[in-house]
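Here is the structure we will look at, set down as structure tokens.
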Amino acid sequence: MAILEVKNLGISFGGLRAVDSFEVTIKKGQLYGLIGPNGAGKTTVFNMLTGVYKPDDGTIKLDGVDLVGKSTMDINKEGIARTFQNIRLFKDQTVLDNVKIGLHNQYQYSTLTGILRLPKYRKIEKEMNEKAEELLKVFDLEDKKDYLASNLPYGAQRKLEIARALATNPKLLLLDEPAAGMNPNETKELMDTIRFVRDEFDMTILLIEHDMKLVSGICEELTVLNFGQVLSQGKTSDVLNDPEVIKAYLGE
């Protein structure tokens, strides 16, 4: 069953066609990769999927719900969460509070309730703390819950960003170059973490990645973008052996 269906997606900036006729179908529970050279349009696709950009053409459906024209907040509520190539954490807040920020789309109370610390506020805060700590345990960060996010090692900051995204209870998790800046050991640990998230949370994952070892090791299917257009698409082994992909992407 398809959880994400994208058809004929396109966008232009200043007359330049950044993405043209992009299409992809991702099944529930898949680990799917989106690769391509720098400037191919990968992050632009993510930005359209999450409402940062409104596409000029095409449709985006998550579980049958059309997302085009919705705000980033509404798209998150519908079930898409993401991380970024350049880590975006609230670095002056604690590890625990970063995850709790992701939980706020599931809990509501009035400003007065929060100011007066009424029973409803205390009940919700207790539940949020418990859920946030459960997520931190998944990523071996529970003993660092009171650290400032900025004081975490680089690899741990990546994990925290994924934990915060999962806190929004998504149906589809978008990872934008999650292995960027990692050493080989950290990359291997990240691969294990991504597989665990997929299995433990029954999560569908779409990732942008330049690390071909990571892509070939965990992605079941791939789409290759080049100059904003789909160059190749299908099973990972088939795509990575496509002569056009080797020529355009690997430079061989």
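The values are calculated or read from the model by the stated rules, or taken from the named source; none is laboratory data. Source: prediction; values computed, not measured. Counting neighbours? That spans all protein chains shown, and the Cβs are built from the backbone with ideal geometry, glycine included. These accessible areas exclude ligands, DNA and RNA; they are computed on the full protein's heavy atoms, side chains included. Shrake-Rupley method; radii C 1.70, N 1.55, O 1.52, S 1.80 Å.
Could you count how many residues in segment 1-18 are open to solvent by less than 40 Å² (accessible area, probe 1.4 Å), touching a Lys or Arg at 6+ places or on another chain (Cβ under 9 Å) and modelled with pLDDT of 95 or more?
Residues that pass the stated criteria total 5.
Condition test on Asp202, is it of a type in the set (D, E, K, R), in contact with a Gly (Cβ under 7 Å, 6 or more places away or on another chain) and surrounded by fewer than 18 Cβ atoms within 10 Å (Cβ to Cβ)?
Taking the combined requirement at face value, the residue satisfies it.
Across segment 220-232, which residue is farthest from Val45 (Cα to Cα) among those that are within 18 Å of the chain's Cα centre (by Cα) and open to solvent by 10 Å² or more (accessible area, probe 1.4 Å)?
Glu220
If you check every pair at least six apart or on different chains, which have Cβ atoms under 9 Å apart with a residue in segment 49-75 that is assigned to a helix (DSSP H, G or I) first and a residue that is open to solvent by 50 Å² or more (accessible area, probe 1.4 Å) and hydrophobic (A, V, I, L, M, F, W, C) second?
Thr72/Val52
Every residue, every condition in (1) modelled with pLDDT of 90 or more; (2) open to solvent by 10 Å² or more (accessible area, probe 1.4 Å); (3) under 21 Å from Gln85 (Cα atoms); (4) among the hydrophobic types (A, V, I, L, M, F, W, C), yes or no:
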position	(1), (2), (3), (4)
Asp146	yes, yes, no, no
Gln157	yes, yes, yes, no
Ala167	yes, no, yes, yes
Glu177	yes, yes, yes, no
Pro184	no, yes, yes, no
Glu189	no, yes, yes, no
Val197	yes, no, yes, yes
Leu214	no, no, yes, yes
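Can you work out which of the residues in segment 25-48 that are open to solvent by less than 10 Å² (accessible area, probe 1.4 Å) and part of a strand (DSSP E or B) is farthest from Asp176 (Cα to Cα)?
Ile26
Of all residues in segment 79-120 being farther than 16 Å from Glu133 by Cα and of a type in the set (Lys, Arg), which is modelled with the highest pLDDT?
Arg82
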